[in-house]
Amino acid sequence: MSHHHYDGTRVLVTGHTGFKGAWLVAWLLDQGAEVMGLALAPPTDRPSLFRDLALADRMRSAVVDIRDAEAVREAVAAFRPEIVFHLAAQALVRRSYADPLETFAVNVMGTAHVLEAARHTDSVRAVVCVTSDKCYENREWVWGYRESDPLGGKDPYSASKAAAEIVAGSYRQALMPGSRLRLATARGGNVIGGGDWSEDRLVPDLVRAIRNRAPLVLRNPDAVRPWQHVLELLHGYLLLGARLLAADDAAVGAWNFGPARASEVAVRRLVEQALAAWGGDPIPVQIEASALREAGILKLDAAKAEAELGWRPRLGFARTVRLTMEWYRDYSARPADARALVEAQIAEYARIAAASGHADEDSA
């Protein structure tokens, strides 16, 4: 699964100071890419994977607010990337209720600003625009959504991701036809993995509870979510980007990257498995009913990515949880080892992906 096609490629990652962005930059650097990032500075009040990996020393990094169209255009023009991975986003559902305007400005107009900058920078040949599995109009049904299903969203976060998809579709069909630039959107979901310190996300909240010996409060213990390791999703982005760079028109358009059925698991079971993987004394878990109406399970059908890109989930649920919790446990003991931990897990994932056919529960 070598992405040697990124060796020497000029790659721009927006949102590179975030959790997924930092993992993506580390993987691209590992493959010999020349990387630039464009994002807000990481928050200073908690750990940051971007800082712990010392990425600022290994790439060009611009602190730019994605809501500033001119600043985005200048940064993209200055770096002259060949491909853009657009990850910068307001990524939290609860925060979207507290600040809907910020959510729409960042996720909708921010996407337009990045695509406009890419369109006017003649070095850019490919854009992978990352949205979300929440971009679909949620029918609360049991089937996986396909790329052709209607877009929509009730809460501001979901609505912003559906709108970002529509903006990207307009750029692709009306503003970039016949151009050198190929554009795809990538839809993934509940990502876990070491180095996520976001507020109000289940695994970081769990790790903070373990470290502080404090009780963990679960708002929605029986909610089933399709959990996925960050490297599975990034593997999809990288495969997609490589195909766009190779001028493959079949890669243009929307792509789902979702986990296998066995990874659709209730919050309660994820917590139990994560605590077991960490080891040591159990922490008390408090269950509080949430006033926030969160959607039921929303599943993706990733048959298109499997058939056309050869992408499929390689890590079963148990291994996904084990890799994640081992990362946090080792990091807690030795924060200075963050880079070695990330590089070891990237190498392990590459071996698994090269060796295995399907997500394998038994080898966890």
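The values are calculated or read from the model by the stated rules, or taken from the named source; none is laboratory data. Please read all numbers here as calculations on a predicted model, not as lab measurements. Cβ placement follows ideal geometry from the backbone for every residue including glycine, while neighbour counts extend to all protein chains displayed. Note: accessible area is taken over every heavy atom of the protein model, side chains too, but ligands, DNA and RNA are not part of it. Shrake-Rupley method; radii C 1.70, N 1.55, O 1.52, S 1.80 Å.
See the values below:
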{"read-out": "Sole residue being of a type in the set (Lys, Arg) and part of a helix (DSSP H, G or I), chosen from Arg67, Arg95", "value": "Arg95"}
{"read-out": "Selection within region 122-155 - without any contact (Cβ under 8 Å) to a residue 60 or more places away in the chain, hydroxyl-bearing (Ser, Thr, Tyr) and surrounded by 19 or more Cβ atoms within 10 Å (Cβ to Cβ)", "value": "Thr131, Ser132"}
{"read-out": "Residues of region 123-144 that turn out to be modelled with pLDDT of 95 or more and charged (D, E, K, R), as a count", "value": "1"}
{"read-out": "Every residue from region 267-312 that is farther than 30 Å from Ala168 by Cβ, of a type in the set (Gly, Ala, Ser) and either touching a helix residue (DSSP H, G or I) at 6+ places or on another chain (Cβ under 9 Å) or modelled with pLDDT of 90 or more (or both)", "value": "Ala274, Ala276, Ala277, Gly279, Gly280"}
{"read-out": "Boolean, Asp149 is outside any helix (DSSP H, G or I) and either in contact with a Pro (Cβ under 9 Å, 6 or more places away or on another chain) or among the charged types (D, E, K, R) (or both)", "value": "yes"}
{"read-out": "Selection count, region 107-121, where residues are under 15 Å from Asp65 (Cβ atoms) and open to solvent by less than 20 Å² (accessible area, probe 1.4 Å)", "value": "6"}
{"read-out": "Answer residue from region 66-106, given it is within 18 Å of the chain's Cα centre (by Cα) and open to solvent by 70 Å² or more (accessible area, probe 1.4 Å) and is modelled with the highest pLDDT among those", "value": "Arg95"}
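A quick yes/no check of all residues on (1) at pLDDT below 95; (2) of a type outside the set (Phe, Trp, Tyr); (3) in contact with a helix residue (DSSP H, G or I) (Cβ under 8 Å, 6 or more places away or on another chain); (4) under 30 Å from Arg312 (Cβ atoms):
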{"residue": "Arg146", "(1), (2), (3), (4)": "no, yes, yes, yes"}
{"residue": "Lys154", "(1), (2), (3), (4)": "yes, yes, no, no"}
{"residue": "Arg180", "(1), (2), (3), (4)": "yes, yes, no, no"}
{"residue": "Ser198", "(1), (2), (3), (4)": "yes, yes, yes, yes"}
